[in-house]
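Here is the structure we will look at, set down as structure tokens.
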Amino acid sequence: MTEVTTLSRKDDHIRINMEKDVNFHNLTTGLEKLALPHTALPEINLKDVRTDSTLFGKTLHSPLLISSMTGGTPHAALLNLRLAEAAQAMGIAMGLGSMRAMIERPETTATFQVRQVAPDILLIANFGAVQLNYGYTPAHCLQLVEAVQADALYLHFNPMQEAVQPEGDTQFGGLLAKVEQVCRYLSQHNIPVIAKEVGWGFSQKNCRDLHNAGVSAPDVAGAGGTSWSQVEMYRAENASQARIAATFVDWGIPTAEAIRNARAAHPTAPIFASGGLRSGLDIAKCIALGADLGGMAGPFLKAAHVSSAEVVTALQETIQQLRIAMFGCGAGDLTTLRHTPLITRN
């Protein structure tokens, strides 16, 4: 695979996500079957609802993450700056897109650098875990983190996406031992590693194995939102490739189930919830399930094509939805919300 292919694929992904229906067809996040218990007597004031927390030494004003999306191209650089400006304004976390392009083409580094507009946020660098089987090393991971002054590193896991890409990297054998090497190496520099799925979810065994390897937190990124097999279907070079990718439109572990898997695997480790979240109410449900924060991508990507102010507006709406959900079930802070039992509805 050439370097040009790596970068053109990134712009393909942005364009397809903006222009096409890339959602799961039948599989859902499972969150629609869960409800917070309504109380007509919350015994708190809406203005007093608190959504602040601390994660990896950083204060978050709200348990919200702008999930990893893009980087590596001029268009992506503008989007990242707008997203980062909004994250700084709202005091939330942000994940960068896959950063392998920085190693292949160092001149793309600036497209990922956002500290100049977001000096205080929890910022997460991002690298494909499978690349550890293609000659990349823990030192490369540290290089990426330091180049963008990130606070943590995502190692993302996307076997199904790679499998349906004609140019996919599918050598996932023996990967866990190399993940452990990265965790050990970065821990010497006080850099936590977060294992991130990209939309198919983690099993309980996955979460346990990754924790035992030294991963500080999973980002479960469950099924029910963007189906990357659908994205790759639209990138297919011929009808056969498209049919193969389309077969897996409803593959994966729903987000709600993936959160339960992560919490069962480790009772106290932080959990990032993502995968099909579309509102502050969804984030509230995820926290009640056991997550520590919720990540969203699609709504903010669309807003970033307009302006950073538009992203701020989208974030404000999401946070207000979260606060109203907490008020509506009588949870004045995130600790109380985390101990609020959910109602299951068929």
Task: Whole-angstrom gap from the range 83-131 to the range 195-216, using each part's C-alpha centre - done: 22 Å
Task: Other-chain or far-sequence residues with amide H under 5 Å of N126's (modelled H) - done: M99, Y154
TODO: State in Å² the accessible area per residue of the chain; use a 1.4 Å probe, count heavy atoms of protein chains only, and round to the nearest integer.
DONE: 41 Å²
- [ ] Per residue of the range 41-49, in order, report the coupling 6.51 cos²θ - 1.76 cosθ + 1.60 (Karplus, θ = phi - 60°) as ³J(HN,Hα) in whole Hz, putting x for Gly and Pro.
- [x] 10, x, 6, 9, 9, 4, 5, 9, 5
Task: P(r), alpha carbons of the chain - 10 Å bins starting at zero, rounded % - done: 6, 27, 37, 24, 6, 1, 0
- [ ] Keeping to pairs on different chains or 8 or more places apart, tell me how many lysine pairs in the chain have Cα atoms under 26 Å apart.
- [x] 20
Task: Surface share of carbon and sulfur [accessible, 1.4 angstrom probe, percent] for the range 281-342 - done: 56 percent
Task: DSSP loop GluC sites (Glu not before Pro) with at most 14 other Cβ within 10 Å excluded, longest remaining stretch of the chain - done: 44-166
TODO: Name the residue farthest towards the positive end of the dipole of the chain from the options A150, L289, I319, assuming +1 on Cβ of Lys and Arg, -1 on Cβ of Asp and Glu, about the Cα centre.
DONE: L289
Open item on the list: For the full complex of protein chains and a 1.4 angstrom probe, list I191, I44 by accessible area with the highest value first.
Closed with: I44, I191
TODO: Could you state the angle between the C-alpha long axis of helix 255-265 and the longest principal axis of the C-alpha atoms of the chain, as a value from 0 to 90 degrees rounded to the nearest 10?
DONE: 90 degrees
- [ ] Would you mind checking the tilt of helix 74-90 against the longest principal axis of the Cα atoms of the chain, expressed as 0 to 90 degrees and rounded to 10?
- [x] 20 degrees
Open item on the list: From Cα pairs below 8 angstrom and at least 6 apart in sequence, can you work out the relative contact order of the chain, rounded to a whole percent?
Closed with: 24 percent
Task: Over the range 224-338, relative contact order from alpha-carbon pairs under 8 Å, at least 6 apart, % - done: 21 percent
Open item on the list: I'd like the accessible area for Y134, computed on protein heavy atoms only with a 1.4 Å probe and all protein chains in place. Round to 10 Å², please.
Closed with: 80 Å²
TODO: For the chain, set up a Gaussian network in which alpha carbons nearer than 10 Å are linked by springs, and say which option among Q188, Q320, Q204 fluctuates the most.
DONE: Q188
Task: Between helix 308-328 and the chain: long-axis angle, C-alpha atoms, 0 to 90°, nearest 10 - done: 40 degrees
Open item on the list: Under 10 Å, Cα contacts only: if you run a Gaussian network model on the chain, which one of L55, L64, L153 comes out with the highest mean-square fluctuation?
Closed with: L55
Task: Candidates G294, G71, G30, ranked by Gaussian network fluctuation over the chain, Cα under 10 Å, top entry - done: G30
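The values are calculated or read from the model by the stated rules, or taken from the named source; none is laboratory data. Being a predicted model, the structure only gives us computed values, none of them experimental. Using ideal geometry, Cβ is built from the backbone for each residue, glycine included, and neighbour counts are taken over all protein chains shown. What goes into the accessible areas is simple: the full protein's heavy atoms, side chains included, and nothing from ligands, DNA or RNA. Shrake-Rupley method; radii C 1.70, N 1.55, O 1.52, S 1.80 Å.
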